[in-house]
Amino acid sequence: RVDINALLPPEADSAIYLPDDALFSRRDYFEAARGLRDRWKQPVFRPGCRLPLGVTVTRVEPQVMLVGDIKVKNQRFYIPFELRVAKDGSAGYFFDPADYPGLADPAMILMPRPRSAPEFSISDERVIEAAVATSAFPTALGRRRFEYCRLQLSSEAGEQKPGQEESHADLVCPTGYVLDEAVFADGGLFDNIPVG
């Protein structure tokens, strides 16, 4: 349930606003996300079930990409992930690009995982971050900055950004992807019916 005074606090300097909120506050959104996260950890799902999911996001600053030999600027991206139910009936999120070879394209970005986490796993926080980014409708809800994995360009092979090793030593991407960071907004700005 959304409380209108929590969504749109009566005072502009209300403590209800989170640091990156815009006109509306996401406080109730995060409370609902916590409840969902607690629910998917309960052993209530059918063991072995795998459900592909995903969100679309808009990169605020276009990214230059190579399509064939042509450089293009792209702002529309999608983040795929898969809900997998363990033997005990609890759910977790993963994405192995090898399971979906037809999806590999430069507009697909993945969520990084901590080096200590299981391979191809996606933390609850990263799933929520993707959902928050795709709801960041301009002026209503604030944009989100987060780290993500993108396809490595052939021109970047062996290349590393200065300081990247130290600041991102704990986050890893699947083979063929590199860690990047950007600001994202609602995917509906470029794709308001993301059924692909």
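The table below lists the values:
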| read-out | value |
| --- | --- |
| Förster-model FRET efficiency, 41 Å R0, L153 and Q42, C-beta, rounded to 0.05 | 0.45 |
| Candidates G35, G54, G68: whichever shows maximal mean-square fluctuation once the chain is modelled as a Gaussian network with Cα springs under 10 Å | G68 |
| Distant-in-sequence amide H partners of V172 (H built 1.01 Å from N, under 5 Å) | R113, R115 |
| For the stretch 13-58, fraction of C-alpha pairs farther apart than 11 Å, in % | 77 |
| Estimated FRET transfer efficiency (K87, S123; beta-carbon r; R0 25 Å; 0.05) | 0.75 |
| Inverse of mean 1/r across different Cα pairs in the stretch 1-117, Kirkwood, Å | 17.7 |
| Solvent-accessible area, 1.4 Å probe, carbon plus sulfur percent, for the chain | 56 |
| Spin-label zone in the stretch 114-134 - amide nitrogen under 20 Å from a point set 7 Å from the Cα of Q63 along the C-beta vector | 114-115, 120-123, 125-134 |
| Cleavage-rule hits (GluC sites (Glu not before Pro)) in the stretch 91-158: DSSP loop, at most 14 neighbouring Cβ within 10 angstrom | E119 |
| Surface accessible to a 1.4 Å probe, per residue, for the residues of the stretch 97-149, Å² | 46 |
| Label-point separation in nm, S116 to F137, each point 7 Å along Cα→Cβ | 4.0 |
| Segment D99-D3, length gained on full extension (0.36 nm per residue, minus Cα span) | 30.4 nm |
| Cα-Cα P(r), the chain, percent of pairs per 10 Å interval | 8, 30, 36, 20, 6, 0 |
| Cα-projected label distance for K71 with C49, points at 7 Å along beta-carbon direction, nm | 4.8 |
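The values are calculated or read from the model by the stated rules, or taken from the named source; none is laboratory data. Just so we're clear, the structure is a prediction, and the values are computed from it rather than from any experiment. Every residue, glycine as well, gets a Cβ built from its backbone with ideal geometry; the counts of neighbours run over all protein chains shown. In case anyone asks, the SASA skips ligands and DNA or RNA and just uses the protein heavy atoms, side chains included. Shrake-Rupley method; radii C 1.70, N 1.55, O 1.52, S 1.80 Å.
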